[in-house]
Amino acid sequence: MTYTGDVQVGGPADVRELPGLKIYKLAVGPYDNNAYLLRCTETGDGVLIDAAAEADRLLALVADQPISAIITTHQHGDHWQALERVASVTGAQVLAHPLDAPGLPIPVDRTIEHGDRVTVGVVTIEAIHLRGHTPGSVALLYDGGDDEQHLFTGDSLFPGGVGNTQKDPERFQQLYTDVAERLFDRLPDRTWVYPGHGKDTTLGAERPSLPEWKARGW
């Protein structure tokens with residue numbers, strides 16, 4: 001079946017099969033968050049991005065296969081409600097940026113800075129620090145080369161704009177600048193974007209709107 005990224009709370013995960021990596025997208029309630037399971041097809045190792053809520057459903061998605069890490073994209077509570085339980089059951093390491101790590105309900109095992117890499121079996125994903133939505137928000141990039149750039153943006157980039165900066169002009173300018181320079185200036189239009197809520201998009205679909213976002217200030 002063709003991956004669309006259109007998932008509903010209570011519904012099944014959507015699965016994307018890439019060379020070397022499988023991506024599972026699951027919507028969890030009550031805030032319609034997206035959680036993502038990345039699994040190396042060669043080794044079976046996995047990483048969970050945002051143990052947002054509904055621990056039972058996340059554990060069912062992980063099933064009886066290992067996950068070595070849980071990465072929290074930022075400190076807001078709707079992105080870590082299931083973190084403590086999923087980490088306890090799976091034994092996975094807890095990762096977050098050091099500026100947001102104190103806001104999580106349990107201590108982190110490893111902090112990740114801009115440019116750091118996290119191993120998923122024989123593949124790696126890169127942390128990209130995007131300041132503004134929170135001080136320590138990160139996006140996570142899987143760059144498989146050719147047509148295989150996949151970007152998990154938490155609440156820093158969505159279809160239609162950057163994340164909420166509470167009408168703070170300094171925070172908006174910081175987030176807009178980071179998104180423009182660290183994502184759009186670096187990555188190709190075909191890069192697939194997996195946000196923390198809602199539907200997916202691509203950098204190419206959003207790129208023409210960058211001047212509008214900058215002008216409106218949100």
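What follows is calculated from the coordinates using simple rules that are stated; it is not laboratory data. All values reported here derive from a predicted model rather than from experimental measurement. Here the Cβ positions follow ideal geometry from the backbone for every residue, glycine too, while neighbour counts run over all protein chains shown.
Observations, loosely collected:
- Selection count, the range 94-103, where residues are surrounded by fewer than 22 Cβ atoms within 10 Å (Cβ to Cβ), within 25 Å of Pro30 (Cα to Cα) and either of a type in the set (Val, Ile, Thr) or more than 16 Å from the chain's Cα centre (by Cα) (or both): 2
- Complete set of residues in the range 172-218 that are closer than 22 Å to Tyr24 by Cα and among the basic types (Lys, Arg): Arg190, Lys199
- Selection of the range 158-195 for residues being under 26 Å from Gly145 (Cα atoms) and in contact with a His (Cβ under 9 Å, 6 or more places away or on another chain) yields Phe158, Val162, Asp178, Arg182, Thr191, Trp192, Val193, Tyr194.
- Condition check for Glu206: buried (at least 20 other Cβ atoms within 10 Å of the Cβ) and in a helix (DSSP H, G or I): yes
- Among (1) within 17 Å of the chain's Cα centre (by Cα); (2) exposed (fewer than 14 other Cβ atoms within 10 Å of the Cβ), the one test that Glu17 misses: (1)
- For the residues Ala60, Ala82, the requirement of being within 17 Å of the chain's Cα centre (by Cα) and more than 21 Å from Gln149 (Cβ to Cβ) singles out Ala82.
- Candidates in the range 180-211 are the residues that are acidic (Asp, Glu) and touching a strand residue (DSSP E or B) at 6+ places or on another chain (Cβ under 9 Å); of these, the one that is farthest from Arg16 (Cα to Cα) is Glu206.
- Search result, residues across the range 57-75 that are in contact (Cβ under 8 Å) with a residue 12 or more places away in the chain and assigned to a loop (DSSP other than H, G, I, E, B): Gln65, Pro66, Ile67, Ser68, Thr72, Thr73, His74, Gln75
- Meets criteria (under 30 Å from Gln81 (Cβ atoms), of a type outside the set (Val, Ile, Thr), in contact with a Leu (Cβ under 7 Å, 6 or more places away or on another chain) and touching a residue at least 12 places away in the same chain (Cβ under 8 Å)) for Arg171: no
- Any strands (runs of 3 or more DSSP E) falling wholly within the range 85-189 and containing at least 3 residues that are within 22 Å of Lys199 (Cβ to Cβ): 138-143, 149-154
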